[in-house]
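Working notes, structure below.
Just so it is clear, none of the values below were taken in a lab; they were calculated from the coordinates. Keep in mind the model is a prediction, meaning the values are calculated, not measured. Note that each Cβ is placed from the backbone with ideal geometry, even for glycine, and that neighbours are counted across all protein chains shown.
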Amino acid sequence: MASAIGPVISFGVGVSLSPLAVIAVILMLGAPDARLNGLAFIASWALGLAVLGTVVLLVADGADAGEGGTPSTWVGVVQLMLALGLLVVAVRQWNGRARDDTNSELPAWMQSVETFSPLKPKNLLLTIAAATAIAETGAGAGNQAIAMAIFVVLGTLGPGIPVAIYFLMGQRAASILSAMRDWMVRENNTIIVVLCVVMGAKLTGDALSTLAS
């Protein structure tokens with residue numbers, strides 16, 4: 001079981017660190033029907049990760065990602081492509097960063113946060129990477145399901161934090177969430193750039209190990 005769970009931890013944390021998702025949740029919690037909308041957002045976020053991850057996992061299993069516990073060559077190629085994709089995301093985020101604090105503002109799409117999806121480029125790539133990493137271990141179906149569930153839980157922790165604060169902190173929640181939102185808006189691009197570079201480096205290392213085996 002550990003062989004299937006271990007690889008997904010870093011990818012789950014990477015998905016969890018999604019500043020714009022946290023901002024979206026905070027905005028929902030400041031609107032009418034905050035409790036219902038916040039919980040619905042977290043549920044849809046987790047469902048999106050679970051559906052995509054499961055589909056990729058089934059496809060990778062069907063393509064023999066792990067033959068006798070040894071990753072297939074195509075897995076290494078996919079890992080390199082995912083690493084390149086993350087690098088592209090990092091470059092785009094870096095080029096789109098605010099030049100100073102006064103220029104930090106919410107993206108225009110935040111005006112319709114209810115349409116926000118977990119399957120933005122970074123999360124899409126990391127979810128594919130996690131599902132592929134599970135499949136390449138050649139673990140049994142039960143262990144793979146547990147590993148995918150752990151990935152989904154880890155990937156949902158970040159957006160779930162504002163909801164927990166809202167329910168647990170009472171009157172203090174508003175000021176805490178406001179400060180969190182302002183920080184996330186200001187540092188969004190930097191967080192995504194660093195995360196994509198780190199995850200891209202990890203995937204590159206994994207790919208080289210796979211191709212060399």
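Here's the picture: charge each Lys and Arg Cβ at +1 and each Asp and Glu Cβ at -1 in the chain, and of THR137, ALA212, GLY155 the one pushed furthest to the positive end of that dipole is GLY155. Quick check: the angle from helix 73-95's long axis to the longest principal axis of the chain, C-alpha only, nearest 10 degrees? Helix 73-95 sits at roughly 20 degrees to that axis. Highest GNM mean-square fluctuation among VAL75, VAL51, VAL152, for the chain modelled with Cα contacts below 10 Å: VAL51. Panel order for ASP64, ASP206, by other beta carbons found within 10 Å of each beta carbon, from fewest to most: ASP64, ASP206. For SER18, SER10, SER175, the sequence from fewest to most other C-beta atoms within 10 Å is SER175, SER10, SER18. Principal-axis analysis of the Cα atoms of the chain puts helix 141-168 at an angle of about 10° to the longest axis.
Any idea how far the Cα center of the stretch 15-38 sits from the one of the stretch 147-213, in Å? When both Cα centres are located, 14 Å separates them. 3J(HN,Hα) along the stretch 50-60: 5, 5, 4, x, 5, 4, 5, 4, 5, 5, 5 Hz, from the Karplus curve 6.51 cos²θ - 1.76 cosθ + 1.60 with θ = phi - 60°, whole Hz, x for Gly and Pro.
Comparing ARG92, ARG181, ARG172 in a Gaussian network model of the chain (Cα springs below 10 Å), the most mobile by mean-square fluctuation is ARG172. Show log10 I(q)/I(0) for the stretch 2-212 at q = 0.17, 0.18 Å⁻¹, two decimals, from a solvent-free Debye sum over equal Cα scatterers. Log10 of I(q)/I(0), two decimals: -1.12, -1.20.
Treating only the Cβ of Lys, Arg, Asp and Glu as charged (+1, +1, -1, -1), what charge dipole size does the stretch 2-212 show about its Cα centre? Round to the nearest 20 debye.
Numbers: 10 positive and 12 negative charges, 88 e Å.
Magnitude of the dipole: close to 420 debye.
Derived scalar couplings between HN and Hα for the stretch 34-49 equal 4, 4, 5, 5, x, 5, 5, 4, 4, 5, 5, 4, 4, 5, x, 5 Hz in order, rounded to whole Hz, by the Karplus curve 6.51 cos²θ - 1.76 cosθ + 1.60 (θ = phi - 60°), x for Gly and Pro.
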